[in-house]
Amino acid sequence: MRPAAPFRVNKPIHLMIGHMADTQEDSFFATVRTEGYFDVQLDTVQRFLAGREGPVVLVTSGGTIVPLERQMVRFLDNFSAGTRGAISAEYHLHHTHLKMVPTERRLCHLSASTIQSAALCSSLPTRRRIGPGHYRHERKMLVSVHFYTVADYLYLLQRIGQMLAPLGRNAMLYLAAAVSDFYLPESQLSDEGTLTLRLEPVPKVIRPLVKIWCPDAFIVSFKLETDAALLMDKARAALQRYQHHCVLANVLTERRHHITIVRRADPDIEIRSENGEIEQILIDRLLTLFAQHRQ
Ligand code: 9Z3
């Protein structure tokens, strides 16, 4: 069972999103529904971004689900414990004073396997000490938004991407969420009786993200494969297709120890960690690339 959405209104309002089907994403949004608890979350994001000029990072985390029924009891899940996103958000937040990162995992709510989240972090100014009031201060630098279905996720990614667009090159999108490849259109969701599954491909929204929704941002996506022999070709193909900045290539069983940063014109960067958290090294390298992007 999925947990209650933290911002859900008492009676879920179902919104049909989109009415014209000009593009693949439009036709996707026209055949799914998302639930009406997003306005509150998006308002929080809007308030967080208001007046902010400095760099902001959107971290997505966890796996999306695909409902099989209108009154959803059953769903298809996508593999992700949400660990990558949670730890990454934490290092994004603390990158200016990594040596002082406390052992306590403050953002553990992001890594709970049942919660899928997108976190927006603002880059912190350098601080000399971590005092008792630290967490209150940190909260002002982080806002998190929750999603469950692939439709929720793509809708939020579009809306938050558009909200980040005015930041231009000061926005970074770090897409670690494991997004469902296939979904069931609303019209085919089961009410009762038999359930026949004919899944449709989910549109790849990195294309409109890069071209239309948030064109100047530094966009980083992950490529996950179970077969190491396929990984690098697929990572390069994704980069060529969507023309974003980096693909972080990882093999499922090796994902805690080895990630390759793949770029369009520059050599690959191998990130390895035998002990300790690989995200610490990864975020450090990415923030250097992000700084170059912002210049
Ligand atoms: C990843 O590859 C992440 O690194 C993991 C992290 C999901 C493997 P955990 O949450 O695992 O720490 O347990 N995320 C992206 C996966 C994905 O769906 N990528 C798409 C693809 O491979 C592109 S957007 O096609």
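Read-outs throughout are calculated quantities, based only on the coordinates presented, and are distinct from any laboratory measurement. Everything numeric here is computed off the predicted structure, so don't read it as measured data. Methodologically, a virtual Cβ is constructed for each residue, glycine included, from the backbone with ideal geometry; neighbour enumeration extends over all protein chains shown.
Using a simple spin-label model with pseudo-atoms 7 Å out from Cα toward Cβ, ALA81 and ARG47 lie 3.4 nm apart. For HIS293, HIS244, HIS92, HIS257, the sequence from fewest to most other C-beta atoms within 10 Å is HIS257, HIS293, HIS244, HIS92.
Subtracting the Cα-Cα distance of GLN188 and ARG256 from their residue separation scaled by 0.36 nm leaves 20.7 nm. Annotation: extensible slack from LEU230 through ASN275 equals 13.6 nm (criterion: 0.36 nm per residue apart, minus Cα-Cα distance). Extents of the stretch 144-238, taken as max minus min of Cα coordinates on every principal axis and listed largest first, are 51, 36, 24 Å.
Would you mind ranking LEU282, LEU173 so that the residue whose beta carbon has the fewest other beta carbons within 10 Å leads the list?
The most exposed by this proxy come first: LEU282, LEU173.
The distance between label points at ALA291 and LEU68 comes to 5.0 nm (points 7 Å beyond Cα on the Cα→Cβ vector). Ordering PHE28, PHE79 by the number of other Cβ atoms within 10 Å of each residue's own Cβ, fewest first, gives PHE79, PHE28.
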